[in-house]
Amino acid sequence: MNSFTYTRATAVEAAVREKAADDGVKFIAGGTNLLDLIKENVERPTRLVDLNHLPLTAIEAAPDGGLRLGALATNADTAWHEQVQKRYPLLNQAILAGASPQLRNMATNGGNLFQRTRCYYFYDTATPCNKREPGSGCSAIGGYNRIHAILGTSDSCIATHPSDMCIALAALNATLQVTGKNGERTVKFEDFHRLPGNQPELDNTLAPDEVVTAIDLPNEDFSRHFSYLKLRDRQSYAFALVSVAAALQLDGNTIKDARLALGGVAHKPWRDQQAEDLLKGQPATEETFRRAAAAVVENAQGYGHNTFKIELAKRAIVRALKQAAEGTQHAADIFTNSNP
Amino acid sequence: MSTTTTQASLGHPAIAPPPALGTVTLKINGVERQLEIAPWTTLLDALREYLDLTGTKKGCDHGQCGACTVLVDGKRINSCLTLAVMKEGADITTIEGLGTETNLHPLQQAFVDHDAFQCGYCTPGQICSAVGMLTEGKAKTTAEIREMMSGNLCRCGAYTNIVSAIEEVLNQPKA
């Protein structure tokens, strides 16, 4: 690793001030992605500010009756939290579908939001990459791009967002509590991650000196009909080729409300509210699900090796919606997520 | 290479001196140890290179193989992806802290009994991970053990016997 200095933050406001004053500062929480990137010479901080001693580990009731997840609560503690299992089982399933138990014990909720892409060219400093080195070009377009994006891409970047947790948060309509040097604000989850456009070096819309302190889940009930379906090259401990977070509220067989978000297909968690609208008020049938799936991939673009993802995404959406309608997934039922 | 050449290259003016070493106190296997290390020293490197605790293995050094698994405050983590300085004040347990040669930890004994290894390089990580998994108490079935041990790779492919060793300890009546 390159050399850096290390300090511990004792207050959120002080951490924000430290970062605002020095471009070389990176916040560290779990460290599972950042330290790897430092070893690969992709990230080159001159100082790490350790956030782990801030009092942000609580999982507690949110003001609207929903649930507030502290930014420093670990992914494992979040997934297995009794309220998450009971009220937000989609989130439980998504978190448990990601990484390994060791990594989930280290990784924090806040850190998970800031995970960087696993595009192999982004990691390989010997190749051009607009995300790593703006203006240098994209090696994945015209290169080996089996894991890359099919939706919302640009001429400068086709990288995918890597998180599973975030796909569930997108579907669940989460909001983020953020503190910056100008005080606190709330950010809607869909406004947090961004598409690459001509600035793929920016993964999200936060100012460099802002920090996420909590993730709020709204007081809504999608605990009966949900599915997090993750398709990947091996059954465990691999990133998604395509993943689908689907959640329904049913009245008999009629869909009252619907949520649909995809992972592994875009630069951000890909929630499609137009497809959700096609589901609402309709019978929960395969025909309805196929219509929604077709709408999601209507503008999808393949780049060669990843073109299979368009059909894969369509089928995964239909299957996830079926699973959701049938109510076949259960909280902490860790083996249903990729199997039935 | 002559001594003169070595000194000349070390004194190259383009290379800035690294930040000063700092004192880090770690509690490992119940014993407090003081180290003079650079802040970028991972917990794994601190154990192996500075404390002579080479039971914890460096496999991939990127959090992909699990060979470096240790327990921090009872929870299993990858020691290659955390800095030693971040674990000041924590209670760290390595494979050296689990049992002794004459009094093996039940999982160590089960790994021997089930021949749960071939080359043995992943074994300390497998055992520490299994200890963590049993403490978590989520895995009940064979399939669940396999899923919850998926962060530990074994290139020899001893998975069948690793799972049966863990299963035996999982199903042992609690003393």
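Within the range B:165-172, identify whether any single residue is among the acidic types (Asp, Glu), within 11 Å of chain A (Cβ to nearest Cβ) and either touching a strand residue (DSSP E or B) at 6+ places or on another chain (Cβ under 6 Å) or free of Cβ contacts under 8 Å to residues at least 40 places away in the same chain (or both), and answer yes or no. Quick ask: steps written out before the conclusion?
Of all residues in the range B:165-172, those among the acidic types (Asp, Glu) come to B:167-168.
If we keep only those that are within 11 Å of chain A (Cβ to nearest Cβ) too, we end up with none.
No.
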Margin query: Can you tell me which condition residue A:60 does not meet? The list is (1) open to solvent by 20 Å² or more (accessible area, probe 1.4 Å); (2) more than 21 Å from residue A:129 (Cα to Cα); (3) touching a Gly at 6+ places or on another chain (Cβ under 9 Å); (4) in contact (Cβ under 8 Å) with a residue 24 or more places away in the chain, and all the others hold.
Written below: (4)
Check: Which condition number does residue B:49 fail, the rest of (1) more than 14 Å from chain A (Cβ to nearest Cβ); (2) closer than 24 Å to residue B:24 by Cβ being met?
Finding: (1)
Notebook entry, point to check: What is the one condition in (1) surrounded by 23 or more Cβ atoms within 10 Å (Cβ to Cβ); (2) assigned by TED's automatic domain parsing to the domain that holds residue A:291 that residue A:211 does not satisfy?
Noted result: (2)
Check: Do any residues in the range A:215-228 that are of a type in the set (D, E, K, R) have Cβ atoms under 6 Å from those of residues that are open to solvent by 30 Å² or more (accessible area, probe 1.4 Å) and in a strand (DSSP E or B), where the two are at least six apart or on different chains, and which pairs are they?
Finding: A:216/A:68; A:216/A:175
Check: Right, residue A:92: in a helix (DSSP H, G or I), touching a residue at least 40 places away in the same chain (Cβ under 8 Å) and at negative phi or not?
Finding: yes
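Being in a loop (DSSP other than H, G, I, E, B), touching a strand residue (DSSP E or B) at 6+ places or on another chain (Cβ under 6 Å) and surrounded by 16 or more Cβ atoms within 10 Å (Cβ to Cβ) is the filter here, so list the residues in the range B:57-87 that pass it.
Taking the range B:57-87 and keeping what is in a loop (DSSP other than H, G, I, E, B), we get B:57-68, B:73-74, B:82.
Restricting the remaining residues to those that are touching a strand residue (DSSP E or B) at 6+ places or on another chain (Cβ under 6 Å) gives B:63, B:68, B:73.
Within the range B:57-87, B:63, B:68 qualify.
Matching residues to (1) touching a residue at least 12 places away in the same chain (Cβ under 8 Å); (2) assigned to a helix (DSSP H, G or I); (3) under 28 Å from residue A:203 (Cβ atoms); (4) not β-branched (Val, Ile, Thr):
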| position | (1), (2), (3), (4) |
| --- | --- |
| A:278 | yes, yes, no, yes |
| A:287 | no, yes, no, yes |
| A:292 | yes, yes, yes, yes |
| A:300 | yes, no, yes, yes |
| A:306 | yes, no, yes, yes |
| A:309 | yes, yes, yes, yes |
| A:315 | yes, yes, no, yes |
Notebook entry, point to check: Among the candidates B:136, B:96, B:101, which residue alone is more than 15 Å from the chain's Cα centre (by Cα), among the acidic types (Asp, Glu), modelled with pLDDT of 95 or more and farther than 15 Å from residue B:162 by Cα?
Noted result: B:136
Check: Which pairs have Cβ atoms under 8 Å, sit 6 or more apart or on different chains, and link a residue in the range A:154-179 that is polar (S, T, N, Q) to one that is part of a helix (DSSP H, G or I)?
Finding: A:163/A:112; A:163/A:113; A:173/A:189; A:175/A:189; A:179/A:12; A:179/A:13; A:179/A:16
Check: From A:254, A:288, which residue is of a type in the set (Ser, Thr, Tyr), open to solvent by 30 Å² or more (accessible area, probe 1.4 Å) and at pLDDT 95 or above?
Finding: A:254
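Quick check on residue A:129: is it away from chain B (no Cβ under 14 Å), open to solvent by less than 20 Å² (accessible area, probe 1.4 Å), free of Cβ contacts under 8 Å to residues at least 40 places away in the same chain and out of contact with any Lys or Arg (no Cβ under 8 Å at 6 or more places or on another chain)? Even if it seems obvious, please write down each step before you answer.
Working: away from chain B (no Cβ under 14 Å): yes; open to solvent by less than 20 Å² (accessible area, probe 1.4 Å): yes; free of Cβ contacts under 8 Å to residues at least 40 places away in the same chain: yes; out of contact with any Lys or Arg (no Cβ under 8 Å at 6 or more places or on another chain): yes.
Criteria met by residue A:129.
Tell me, please, whether a residue that is within 12 Å of another protein chain (Cβ to nearest Cβ) and among the basic types (Lys, Arg) can be found in the range A:47-68.
Initially, the range A:47-68 is screened for residues within 12 Å of another protein chain (Cβ to nearest Cβ), giving A:47-53.
With the extra rule that they be among the basic types (Lys, Arg), the set shrinks to A:47.
The answer is yes; a qualifying residue exists.
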Item checked: Single residue of the range A:227-249 satisfying the filter (in contact with an Asp or Glu (Cβ under 9 Å, 6 or more places away or on another chain) and open to solvent by 30 Å² or more (accessible area, probe 1.4 Å)) that is nearest to residue A:94 (Cα to Cα) -> A:239
Next item on the list: Considering (1) in contact with a helix residue (DSSP H, G or I) (Cβ under 8 Å, 6 or more places away or on another chain); (2) away from chain B (no Cβ under 14 Å), say which one residue A:107 fails and leave the rest.
Entry: (2)
Margin query: Within the range A:25-42, take every residue that is more than 12 Å from chain B (Cβ to nearest Cβ) and free of Cβ contacts under 8 Å to residues at least 60 places away in the same chain and give me the one that is nearest to the chain's Cα centre (by Cα).
Written below: A:26
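The values are calculated or read from the model by the stated rules, or taken from the named source; none is laboratory data. On a predicted model such as this, the values are computed, not experimentally measured, just so you know. Here Cβ is always computed from backbone atoms with ideal geometry, including for glycine, and neighbour counts include all displayed protein chains. Note: areas computed on protein heavy atoms with side chains; ligands, DNA, RNA excluded. Shrake-Rupley method; radii C 1.70, N 1.55, O 1.52, S 1.80 Å.
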